[in-house]
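Below is one structure, written out as structure tokens; the observations come after it.
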Amino acid sequence: MTNAPITADAEAALLASVPNQLFIGGEWVDSTSGRSIAVTDPATGRTIATIADASPEDGVRAMDAAAAAQADWAATAPRVRGEILRRAFDLLQERADDFALLMTLEMGKPFAEARGEVTYGGEFLRWFSEEAVRISGRYGINPEGSGRMIVTHLPVGPSYLITPWNFPLAMATRKIAPALAAGCTAIVKPAELTPLTTLLFAKLLDDAGLPAGVLNVVTTSTASTVSEPILSDPRLRKLSFTGSTAVGVSLLKQAADGVLRTSMELGGNAPFIVFDDADLDKAVDGAMLAKFRNIGQACTAANRFIVHESVADEFARRVTEKVRALSVGRGTESGVTIGPLINEAAVAKANDLVSDAVSRGATVAIGGHAIDGEGTFYEPTVLTGVTAGSDILRNEIFGPVLSIIPFTDEADAVAKANDTEFGLVGYVFTENLARGQRLIESLQTGMMGLNVGVVSNAGAPFGGMKQSGIGREGGSEGIHEYLETKYVLTPNPFS
Ligand code: ADP
């Protein structure tokens, strides 16, 4: 399908194949609420599917199923757990176009980008299928010599995974794969705006041979009421959340009552620093990726382009030319590079941030408006000369708006970059090796792209400092979010 036009019939056939019920204990079941959620295509505003809207009782049912399956799953050989994930990876490759199209339909990203997300999201299945058999411990002599110390790692237990709407597949696999590899059962609650990909993925895991109850899916329009009984259930041992800092803080408070293990991937406000010694071609290409991938709707999206005053005009001129060449439209159409924003609220937010920046002295180089008509589209936009105090420097834009602020020297750039409560990722463009190395230490972010505009990789620890989160997903670190450390002391066998 990748190169063929996407037809209305192909869309309808795919949508008809997506489950519309809850997945609990290995069965597709109706919600006890009897209510449903209408899922819309943000490019058209039309309803594309109607699915079950879980009640709090359904949340408890999912908790029961996850708890019931926990002991057997933890006792399942790591090799067997890994092979189920590997089968899921293989099935995902076979069904890649279906998953990509589904994401385009429910979330809006261009099909080619959605295909890229299938690759990225799939890599977590492959990576953690390999990590499942590498959970190691250690054996040693205590400092006094009187005993022998054993350190081993055991599954944390039933885990609650809450995912956002912007990467419907990758945010799910990034949590589900390490949880399952570690031997944890899980309940996943996808975002209400984009639940279809998770439902189709649960079907894929079922086809891959995942035992009943190991993964359960609850879709709901009332996230807090359905989550409350799950979070307060003493059988739950772990919460992993990706979403806004405000919701993350509220969930951390709830998790405190049960002293749950938590992983939090929260908001970002990424600086993108271009030094006067940067290769501007590289910087401009990196900027287009860091800003416009996913229509700017990524926590890793560059939010503030901090550019040396001597190259700021030239950088602005070059990115504006690139932005002029972007093509806005429904992501199913060939050649489209910018899809719609997720909803009206996202468009209103972009509008407000741009208006505020302009009222404080910024200049619109291109774009700057919502696009009238069907769907929730916003023009790709470049703002120059954004001034201190503008809301756009404090808020995650989550839209296709590139805002440039000039700086004078390295200390000024670092001060501006770190002037935020967030610390997820930073991008640095410089050809000066020592400067690049200094920035690794002075930039207060969990991740950094040095002369690159995208850092995400299944083999790397993804996560933030400061209010951007707690814990890491992916890499060798990722599986440890779902493992307890157990230490055992035995006497010196020689004494
Ligand atoms: P965004 O602003 O990107 O939509 P949110 O933080 O609002 O991010 O949502 C991320 C995920 O958290 C979604 O699955 C959403 O349904 C869920 N969520 C939002 N509020 C709560 C809550 N009070 N309890 C549990 N989950 C929630």
Checklist entry - Looking only at Cα atoms, what is the convex hull volume of region 1-67 per residue, in Å³? => result 121
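Take the chain, mark every one of the GluC sites (Glu not before Pro) that falls in a DSSP loop and has at most 13 other Cβ within 10 Å, then report the longest stretch left between them, sites excluded.
Working: sites that count: E144, E309, E374, E421, E431.
Maximal segment without exposed cleavage sites: 145-308.
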Checklist entry - Which of rounded, prolate, oblate describes region 1-142, given a ≥ b ≥ c as roots of the alpha-carbon gyration tensor eigenvalues and a/c under 1.5 marking rounded, otherwise prolate only if a/b is larger than b/c? => result oblate
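Loop sites only, by DSSP: take the trypsin sites (Lys or Arg not before Pro) in the chain that have at most 13 other C-beta atoms within 10 Å and name the longest stretch containing none of them. The partial results should precede the final answer.
Values: sites that count: R35, R46.
It runs 47-495.
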Checklist outcome for this item: Along the dipole axis of region 15-125 (charges at Cβ: +1 for Lys and Arg, -1 for Asp and Glu; origin at the Cα centre), the most positive-end residue among T44, T104, G34 is T104
Checklist outcome for this item: Taking only the alpha-carbon positions of region 267-357 as identical scatterers, the Debye log10 I(q)/I(0) at q = 0.19, 0.20, 0.21 Å⁻¹ comes out as -1.02, -1.11, -1.19
Checklist outcome for this item: In terms of the alpha carbon gyration tensor, root eigenvalues a ≥ b ≥ c, rounded if a/c is under 1.5 and otherwise prolate when a/b exceeds b/c or oblate, the chain is oblate
Checklist entry - Among residues other than V151 whose Cβ falls under 10 Å from its Cβ, what is the net charge (Lys/Arg +1, Asp/Glu -1)? => result +2
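Once the convex hull of the C-alpha atoms of region 433-495 is built, how many Å³ does it hold per residue, rounded to a whole number?
Working: hull volume 11.5 nm³, N = 63.
Expressed per residue, the convex hull around the Cα atoms of region 433-495 is 182 Å³.
Which whole number of Å³ per residue matches the convex hull of the alpha-carbon atoms in region 356-495? Walk me through the numbers before you get to the answer.
Working: hull volume 27.3 nm³, N = 140.
Dividing the Cα hull volume of region 356-495 by its residues yields 195 Å³.
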Checklist entry - From the residues I397, A411, G453, which one has its Cα farthest along the dipole of region 387-495 in the positive direction, the dipole being from +1 and -1 charges on Cβ of Lys/Arg and Asp/Glu about the Cα centre? => result G453
Checklist entry - Around T220, which amide H atoms from residues at least 5 apart in sequence, or from another chain, sit under 5 Å from its own amide H, with H modelled in the peptide plane? => result A54
Item to check | Relative pair counts by distance (%), Cα atoms of region 409-448, 5 Å bins | outcome: 6, 24, 37, 24, 7, 1
Item to check | Sequence-distant residues sharing a close amide H with M448 (under 5 Å, placed H) | outcome: G426
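In a shell of Cβ-Cβ distance under 10 Å around S33, excluding S33 itself, what net charge do Lys and Arg (+1) and Asp and Glu (-1) give?
Working: positive: R35; negative: D30, D53, E57, D58.
Taking every other residue near S33 into account, the sum is -3.
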Checklist entry - Got a sec? What order do S359, S31 fall in by accessible area at 1.4 Å, biggest, i.e. largest, first? => result S359, S31
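Considering all alpha-carbon pairs of region 92-135, what whole percent are spaced by more than 16 angstrom? All intermediate terms of the calculation are to be shown ahead of the outcome.
Details: 378 of 946 pairs.
So the pairs more than 16 Å apart make up 40 percent of the total in region 92-135.
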Next on the checklist: Between region 384-402 and region 168-234, how far is it from one alpha carbon centroid to the other, in angstrom?
Outcome noted: 34
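So which of K282/K416; K175/K253; K322/K466; K322/K349; K175/K322 end up more than 27 Å apart by C-alpha? Present the calculation step by step, with values, prior to reporting the outcome.
Details: K282/K416 22 Å; K175/K253 21 Å; K322/K466 33 Å; K322/K349 24 Å; K175/K322 35 Å.
Pairs exceeding the cut-off: K322/K466; K175/K322.
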Checklist entry - Summing +1 for each Lys or Arg and -1 for each Asp or Glu, what net charge is found among the other residues whose Cβ lies under 15 Å from the Cβ of I338? => result +3
Checklist outcome for this item: For V307, the residues 5 or more places away or on another chain with a placed amide H closer than 5 Å to its own amide H are V274, I405, F407
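In debye to the nearest 20, how big a dipole does the chain give about its Cα centre with +1 on each Lys and Arg Cβ and -1 on each Asp and Glu Cβ? Mind showing how you got there, number by number?
On the way: 41 positive and 58 negative charges, 231 e Å.
I would put it at about 1100 debye.
The values are calculated or read from the model by the stated rules, or taken from the named source; none is laboratory data. Note that the structure is predicted; figures quoted are calculated from it, not measured. Cβ: placed from backbone, ideal geometry, glycine included. Neighbour counts: every protein chain shown. These accessible areas exclude ligands, DNA and RNA; they are computed on the full protein's heavy atoms, side chains included. Shrake-Rupley method; radii C 1.70, N 1.55, O 1.52, S 1.80 Å.
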